[in-house]
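Following: one structure in structure tokens, then a few remarks.
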Amino acid sequence: MRIRTSTIEELPHLQDIERAAGRCFRDIGMDEIADDEPPTLAELGRYQRAGRAWVAVDDTDRAMAYVITDPVDGNTHIEQISVHPDSARRGVGRALIEHVAARAAADGVPALTLTTFVDVAWNAPYYASRCGFRALTEDELTPGLWQIRHSEAGHGLDRWPRVCMRREVVSKHVT
């Protein structure tokens, strides 16, 4: 497995990865999430052009997972991370998170953040136990995270419990 910046040409494939990954939610009764459309090509293109979209690729250089990030309140926010089910449970998602963490550290960014479902095994429990994230209390939410949560609520995601999470990043910046 190798991680690289995504290309414009593979953005439709990233949408396919998102759709395939989303189907797992149907198995736990979250059909609305399973049916949710992935980011548009225009949205993915903005991430790609900004250098904030990475893919994990197989030996044939075909993407099997992707991650997109946003700068939020001085941190790197993982907006979306999706692994195709055919590549799940192999550490691919964790490798993407480590890649993002290394880039953040090199840039002197203090932390990674994300929002996720509390009760979905491959969401909050996974990020806490396998990736070093911790749940934030409401008092710890930054203005940008509050805005993200408000937007998620507006899209109906609060039908299921959600949480903001944070992982400190060890800076590699030398002063």
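The values are calculated or read from the model by the stated rules, or taken from the named source; none is laboratory data. Every value quoted in this text rests on a predicted model; they were computed, and no experiment measured them. Positions of Cβ are backbone-derived with ideal geometry, glycine not excepted, and every protein chain shown enters the neighbour counts. Accessible surface areas use protein heavy atoms only, side chains included; no ligands, DNA or RNA. Shrake-Rupley method; radii C 1.70, N 1.55, O 1.52, S 1.80 Å.
Full extension of the segment from residue 23 to residue 50, taken as 0.36 nm per residue of separation minus the current Cα-Cα distance, would add 6.9 nm. Expressed per residue, the C-alpha convex hull volume of region 27-69 stands at 108 Å³.
Given a Förster distance of 25 Å, report the FRET efficiency between residue 99 and residue 146 from their Cβ-Cβ distance, rounded to the nearest 0.05. Taking R0 as 25 Å, the efficiency between residue 99 and residue 146 is 0.35.
The residues of region 31-175 expose, per residue, 54 Å² of accessible area to a 1.4 Å probe. For residue 28, the accessible area of its heavy atoms, probed at 1.4 Å with every protein chain present, is near 80 square angstrom.
Subtracting the Cα-Cα distance from 0.36 nm times the residue separation, let me have the gained length for residue 135 to residue 70 in nm, one decimal.
Result: 21.5 nm gained on full extension.
Here the sum of -39500 (n - 2.57) over DSSP H runs of 4 or more residues, divided by the residues of the chain, equals -10500 deg cm²/dmol at 222 nm, to the nearest 500.
According to the calculation over all Cα-Cα pairs in region 23-137, the P(r) per 10 Å bin from zero is 12, 44, 38, 6, 0 %. For region 81-175, the square roots a ≥ b ≥ c of the C-alpha gyration tensor eigenvalues yield an a/c of 1.5 or more together with a/b not exceeding b/c, which makes the shape oblate.
For residue 77, the residues whose modelled amide H falls within less than 5 Å of its own, excluding neighbours fewer than 5 places apart on the same chain, are 70, 72, 113.
Roughly to the nearest percent, how much of the accessible area of the chain is carbon and sulfur, given a 1.4 Å probe?
Its accessible area is 50 percent carbon and sulfur atoms.
Charges at C-beta only: +1 for Lys and Arg, -1 for Asp and Glu. How large is the resulting dipole of region 1-150 about its Cα centre, in Debye rounded to 20?
Taking the Cα centre of region 1-150 as origin, the dipole is about 520 debye.
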